[in-house]
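Worksheet: one structure, shown below.
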Amino acid sequence: MVFEDLRDYISFLEKNNDLIQIPDAVDPYLELTYILDREEYSGRNRSILFENVKGSQIPVVGNLFSGDRKMEWILGQKPYDIGMKLRNLIRPPDESDSMISRGLELLRELSGLRPKMHNSLPSSMKVLDKVDLDRYPICTTWPKDGGPFVTLPVVITKNPLTGARNAGMYRLQKYDSETLGMHWQIHKGGSQNMQDSREEKKIMDVAVTIGTDPLTIFSAVAPLPDPFDEFSFTGLISGNRVDLVKGSSVDIEYPMNSEIVLEGYVDPTETRIEGPFGDHTGYYSLEEEFPIFHVKRVIERKNPVYPTTIVGKLWHEDVAIGKAIERMFLPLIRLQIPEIVDLNTMEEAVFHNMVVVSIKKRYPGHARKVMFSIWGTGQLMFSKFVLVVDDDINIHDRKQVIWAMTTRVDPARDITIVPRTQTDALDHASEMFNFGSKVGIDATRKWKEEGFTRRWPDVMEMEGEIVKRAEALLDRFNK
Ligand SMILES: Cc1cc2nc3c(=O)[nH]c(=O)nc-3n(C[C@H](O)[C@H](O)[C@H](O)COP(=O)(O)O)c2cc1C
């Protein structure tokens, strides 16, 4: 399934009884977001369309990604199957393939890869007479937030040296009717483009789209290697080329199905305090200096809808997005770290704060090799704790993970602390902002080749025949 735009997705949700439409007046200051929060906490996870938001003519929609079911609708397939499909793309032809059939298969798979470029806005979109961010129902989520934040934007920039486009989701704090805080963290694509622009002494063009089709919003969050274009990624997954239109005042292209587009610039030499903001971690992330986005022009579709999301203490829709990313990227991570059997970025640990990985151990010191590979792979570099276990452990079962960690580890020997390294920007416990330490725990069975001189005990297992007989007997009493 491919949703043409946000509206198409909203109608689909309505048809599938997954949308509440609230006609009552709701305050974008704390109230609206708390309603979204309660719906997610209830586990019903319905999306909500707020038709009457105080202080704005524009409706707000939220909880667009909450729950695995929605993620599958948006992606059109199970995330893991998409990962396998992507992995298959780089498979060399095997003997059963004719070159023609393999070539045709690749052409089919890659058909959506290249976005379609348009030079002028469609008639459904128009440039507004003036920039006025006050017209938007930008929400304040938590009481100690530094102000209202745009929480579901797709921020588009270009690298000044290569021209490669990047689209990332970075929150935007509203400072006034024309300026926003640009929270791209130092390790992310937008920030890299800004650093290069600073070196080139260039002001950066930026376009922000608020409300495109949900797959494109997902692509902006996906940890794609730079310089892989996020719109190509959308096309690759959906099989349909994304329609992009050239910005009217910036040298940036953005999706033609956008509800609201902000065109403007970031001066790489300029910063301002951003935050606090109730973050994915369940804490308010502290105020820090971040760049400023000056909005110069606003483009809107007729009767736009404004999408929002909330993050905070578990569980929110970022968990569904994060888990979809984990499953989708696992087959691709295995290309680089083939010994990985399974990987679990733990949502309780805000994903990257604790990554558990199971491996088929083949040589002495293998677990440590895997830890360092994880720290060297894309956004897995943020993993604060990496726990490596053998492949007899189901790493999605917390009980088994704790059992392995506590029974296969001698702390002095098996814990590796990596001091003075980069950390995730949201890690408030690290020694400094963006800088601290990491822990790797080798919870695999120890080998004599690793200097382990004692005998490693067998795990208790019942013999097969007895299991069968006992189960058959009990079954008779369970009918
Ligand atoms: C709801 C939500 C909000 C996010 N906010 C930010 C943010 O403010 N700053 C940031 O650097 N990353 C944020 N992220 C994570 C990035 O979108 C993610 O790391 C993405 O891969 C970045 O793309 P890039 O690698 O092209 O920079 C957010 C993710 C989600 C799901």
For this session: Would you be able to say whether some residue in segment 215-231 is more than 14 Å from the ligand (Cβ to nearest atom), of a type outside the set (S, T, N, Q) and in contact with a Gly (Cβ under 6 Å, 6 or more places away or on another chain)?
Result: no
Exercise. What pairs can you find where one residue is in segment 67-78 and touching a residue at least 40 places away in the same chain (Cβ under 8 Å), the other is among the small types (Gly, Ala, Ser) and outside any helix (DSSP H, G or I), and their Cβ atoms are less than 8 Å apart, with a gap of 6+ or different chains?
Worked result: Lys70/Ser47
Exercise. Residue check, Met432 against (1) within 30 Å of Glu288 (Cβ to Cβ); (2) surrounded by 14 or more Cβ atoms within 10 Å (Cβ to Cβ); (3) not small (Gly, Ala, Ser), all met but one. Which one?
Worked result: (2)
Problem set entry | Gln192 vs. criteria touching a residue at least 12 places away in the same chain (Cβ under 8 Å), surrounded by fewer than 20 Cβ atoms within 10 Å (Cβ to Cβ) and within 12 Å of the ligand (Cβ to nearest atom) | yes
For this session: Considering only segment 4-115, give the strands (runs of 3 or more DSSP E) lying wholly within it that have at least 3 residues that are loosely packed, with under 14 Cβ neighbours inside 10 Å.
Result: 19-26
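Report, by residue number, each residue of segment 118-144 that is touching a Leu at 6+ places or on another chain (Cβ under 9 Å), of a type outside the set (S, T, N, Q) and surrounded by 12 or more Cβ atoms within 10 Å (Cβ to Cβ).
Across segment 118-144, the qualifying residues are His118, Val127, Val131, Leu133, Arg135, Pro137, Ile138, Cys139, Trp142.
For segment 195-210, give me each residue that is of a type in the set (Ser, Thr, Tyr) and either within 12 Å of the ligand (Cβ to nearest atom) or within 29 Å of His428 (Cα to Cα) (or both).
Hit for segment 195-210 is Ser197, nothing else.
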For this session: Evaluate segment 244-252: report whether one residue or more is free of Cβ contacts under 8 Å to residues at least 24 places away in the same chain and either within 16 Å of the ligand (Cβ to nearest atom) or at negative phi (or both).
Result: no
Seminar exercise, completed: Considering residues that are within 16 Å of Asp205 (Cβ to Cβ), more than 9 Å from the ligand (Cβ to nearest atom) and either crowded, with 20+ Cβ neighbours inside 10 Å or free of Cβ contacts under 8 Å to residues at least 60 places away in the same chain (or both), the number found within segment 160-181 is 5
Exercise. What is the one condition in (1) in a loop (DSSP other than H, G, I, E, B); (2) away from the ligand (no atom under 16 Å from the Cβ) that Val295 does not satisfy?
Worked result: (1)
For this session: Name the residue, out of Gly312, Gly322, that is at pLDDT below 95 and either over 17 Å from the mean Cα position of the chain (by Cα) or within 14 Å of the ligand (Cβ to nearest atom) (or both).
Result: Gly312
Seminar exercise, completed: Checked segment 195-221 for anything buried (at least 20 other Cβ atoms within 10 Å of the Cβ) and out of contact with any Ser or Thr (no Cβ under 6 Å at 6 or more places or on another chain); matches are Ser197, Asp205, Ala207, Val208, Ile210, Gly211, Asp213, Pro214, Ile217, Phe218, Ala220
For this session: Sort out which residues of segment 252-276 are in a strand (DSSP E or B), of a type in the set (Ser, Thr, Tyr) and surrounded by 22 or more Cβ atoms within 10 Å (Cβ to Cβ), and write them in order of number.
Result: Tyr254
For this session: Please tell me if Trp447 is in contact (Cβ under 8 Å) with a residue 24 or more places away in the chain, over 30 Å from Pro276 (Cβ atoms) and aromatic (Phe, Trp, Tyr).
Result: yes
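The values are calculated or read from the model by the stated rules, or taken from the named source; none is laboratory data. Keep in mind that this is a model prediction, so the values were computed, not measured. Using ideal geometry, Cβ is built from the backbone for each residue, glycine included, and neighbour counts are taken over all protein chains shown.
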